[in-house]
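Q: Take this structure, written in structure tokens, and hold onto it; I'll ask about it next.
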Amino acid sequence: MILVAADLDRTLVHSARAAGPVPEGTLCLERRGDVPTAMLTRRTAADLAALDHRAVWVPATTRSVAEYERLDLPRRLGVAPRFAVCANGGVLLVDGVRDPAWSSEVSRRLASAASQAEVARRLGAAREVDGCFFLAREAEEGLAAWCAERGWRVDAYRDKVHVLPAALTKSAAVAEVRRRTGTTHLLAAGDSPLDADLLAAADAGIQPVDGRLYASGWRADHVAVTSGRGLAAGEEIAAWLVRGLRPT
Ligand SMILES: [Mg+2]
């Protein structure tokens with residue numbers, strides 16, 4: 001059995017801003033006001049259904065549990081991944097329920113980093129995401145260095161500043177799923193610097209050419225790059241993952 005771990009936003013689903021041309025029949029899973037914030041093409045949706053049937057498919061997202069649930073994959077796409085990684089690895093959902101054993105393990109792994117309370121004091125106004133990390137509006141001068149000294153890190157993009165414990169990773173949560181399911185082969189997909197550890201841990205992976213990770217210069221021999229952008233890249237990634245299920 002193959003394990004497929006894939007990021008969602010800007011990897012498999014795209015906001016209006018990131019989508020590029022939107023073909024007829026494109027599905028919308030989420031909108032803010034009138035603006036779509038998570039779309040995918042019918043072809044991508046069909047490939048996700050194939051993944052769901054033929055592999056252990058794990059959505060691996062930095063979204064909070066509530067934000068992940070808002071996509072409502074079971075009702076909208078007819079897929080029900082048994083495992084889902086949320087909050088950048090801080091939460092493992094098993095059949096839709098937060099796995100307590102993984103939450104304890106995360107606390108244990110983060111014990112040597114500065115506490116959430118200490119970081120919250122430094123950040124001032126910031127949203128806490130599932131008790132795992134913070135989303136701030138701006139990265140003030142010196143924040144990254146301050147975090148680095150305390151076992152935390154900063155990933156800033158536009159008005160979204162993720163402030164996370166350095167040990168809070170998608171790859172750690174996916175490794176736990178790998179251990180529990182006994183899967184040996186890992187395929188991965190992701191677009192952002194927060195996906196680098198997951199792609200690095202995979203046997204093979206793919207990143208979109210319009211992703212921030214690609215723009216940062218990150219490359220690996222076992223990680224392919226899409227030729228298309230936006231929704232077209234999402235289609236390419238889903239098709240690439242399905243092709244990877246074939247025995248070689
Ligand atoms: Mg992403």
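Q: When only Cα pairs under 8 Å and 6 or more residues apart are kept, what is the percent relative contact order across the chain?
A: Numbers: 476 pairs, mean separation 58.1, N = 248.
RCO, the chain: 23 percent.
Q: Where in the range 72-102 does the amide nitrogen come within less than 12 Å of the point 7 Å from the Cα of M1, taken along Cα to Cβ?
A: Counting only backbone N, you get 82-83.
Q: Additional query: What FRET efficiency comes out for the pair R76/R121, r = Cβ-Cβ distance, R0 = 51 Å, nearest 0.05? Walk me through the numbers on the way to the answer.
A: Numbers: r = 40 Å, r/R0 = 0.78.
Given R0 = 51 Å and the Cβ-Cβ separation, E is 0.80.
Q: How far, in degrees from 0 to 90, does helix 100-109 lean away from the longest principal axis of the Cα atoms of the chain, to the nearest 10?
A: In the chain, helix 100-109 runs at an angle near 50 degrees to the longest axis.
Q: For the range 113-165, state the semi-axes of the equivalent ellipsoid (square roots of 5 times the eigenvalues of the alpha-carbon gyration tensor), sorted largest first and rounded to whole angstrom.
A: Details: eigenvalues 41, 34, 18 Å².
The answer is 14, 13, 10 Å, longest axis first.
Q: Average projected area of the Cα convex hull of the range 1-56, in nm²? Before the final figure, lay out the partial values.
A: Values: hull surface 16.3 nm².
It is 4.1 nm².
Q: Might you tell me the accessible area per residue for the chain, computed with a 1.4 Å probe and given in Å²? Write down the numbers at each step before the final one.
A: Details: 11440 Å² over 248 residues.
That works out to 46 Å² for each residue.
Q: GNM on the chain, C-alpha springs below 10 Å: top fluctuator among V161, V13, V174?
A: Looking only at V161, V13, V174, the biggest GNM fluctuation is shown by V161.
Q: Once each part is reduced to its C-alpha centroid, what is the distance from the range 74-108 to the range 133-204 in angstrom?
A: Each part's Cα centre sits 16 Å from the other's.
Q: V94 to R42: extension gain in nm, 0.36 nm per residue of separation minus the Cα-Cα distance? Please report the intermediate quantities before stating the final value.
A: Details: separation 52, 0.36 × 52 = 18.72 nm, distance 2.64 nm.
Taking 0.36 nm per residue and subtracting the Cα distance, the gain is 16.1 nm.
Q: Separate question: Considering the options Y214, A202, V22, tell which one lies farthest towards the positive end of the dipole of the chain, charges being +1 on Lys and Arg and -1 on Asp and Glu at the Cβ, about the Cα centre.
A: A202
Q: Got a number for carbon plus sulfur as a percent of the range 129-230's accessible area, 1.4 Å probe? Display every interim value, and only then the final one.
A: Values: 2140 of 4420 Å².
So the carbon and sulfur contribution to the accessible surface is 48 percent.
Q: If you build a Gaussian network model of the chain, linking Cα atoms that sit under 10 Å apart, which residue out of T184, T44, T226 swings the most?
A: Sorting by GNM fluctuation, first place goes to T184.
Q: Separate question: Using alpha carbons only, how many degrees (0 to 90, rounded to 10) separate the axis of helix 42-54 from the longest principal axis of the chain?
A: Computed tilt is about 80 degrees.
Q: Let me ask something additional. Test of the criteria: in the range 193-248, which trypsin sites (Lys or Arg not before Pro) are in a DSSP loop and have at most 13 other Cβ atoms within 10 angstrom of their Cβ?
A: On the way: sites: R212, R219, R229, R243; in loops: R219, R229.
Here the sparse-neighbourhood loop sites are R219.
Q: Also: Order I206, I2 by their accessible area, 1.4 angstrom probe, all chains in place, largest first.
A: Working: I206 5, I2 30 Å².
Largest accessible area first, the list is I2, I206.
Q: Looking only at the range 104-125, which residues have a backbone nitrogen under 20 Å from a spot 7 Å from the Cα of E140 in the C-beta direction?
A: The answer is 114-125, whose backbone nitrogens lie closer than 20 Å to the label point.
Q: Are there any trypsin sites (Lys or Arg not before Pro) in the range 122-206 that are in a DSSP loop and have at most 14 other Cβ atoms within 10 Å? List them by number.
A: Values: sites: R122, R127, R137, R150, R153, R158, K160, K170, R178, R179, R180; in loops: R137, R150, R158.
Here the sparse-neighbourhood loop sites are R137, R158.
Q: Per DSSP H run of n ≥ 4, the term is -39500 (n - 2.57); total these for the chain, divide by its residue number, and report the mean residue ellipticity at 222 nm rounded to 500 deg cm²/dmol.
A: Details: 11 runs with 89 residues, N = 248.
It comes out at -9500 deg cm²/dmol, rounded to the nearest 500.
Q: Would you calculate the convex hull of the Cα atoms in the chain and tell me its volume per residue in Å³? Intermediate values should be presented prior to the final figure.
A: Working: hull volume 31.2 nm³, N = 248.
So the per-residue Cα hull volume is 126 Å³.
Q: To continue, here is another question. For V35, project a label point 7 Å along Cα to C-beta. Then give me every residue of the range 1-19 with its amide nitrogen under 18 Å of that point.
A: Residues 9-11, 13-19 qualify, since their backbone N sits under 18 Å from the label point.
Q: If I fit a long axis through the Cα atoms of helix 230-243 and take the longest principal axis of the Cα atoms of the chain, what angle between them do I get, 0 to 90°, rounded to 10?
A: 70 degrees
The values are calculated or read from the model by the stated rules, or taken from the named source; none is laboratory data. Just so it is clear, the model here is predicted, and its values are computed rather than measured. Here the Cβ is made from the backbone with ideal geometry for all residues, glycine too, and neighbour counts use every protein chain on show. In case anyone asks, the SASA skips ligands and DNA or RNA and just uses the protein heavy atoms, side chains included. Shrake-Rupley method; radii C 1.70, N 1.55, O 1.52, S 1.80 Å.
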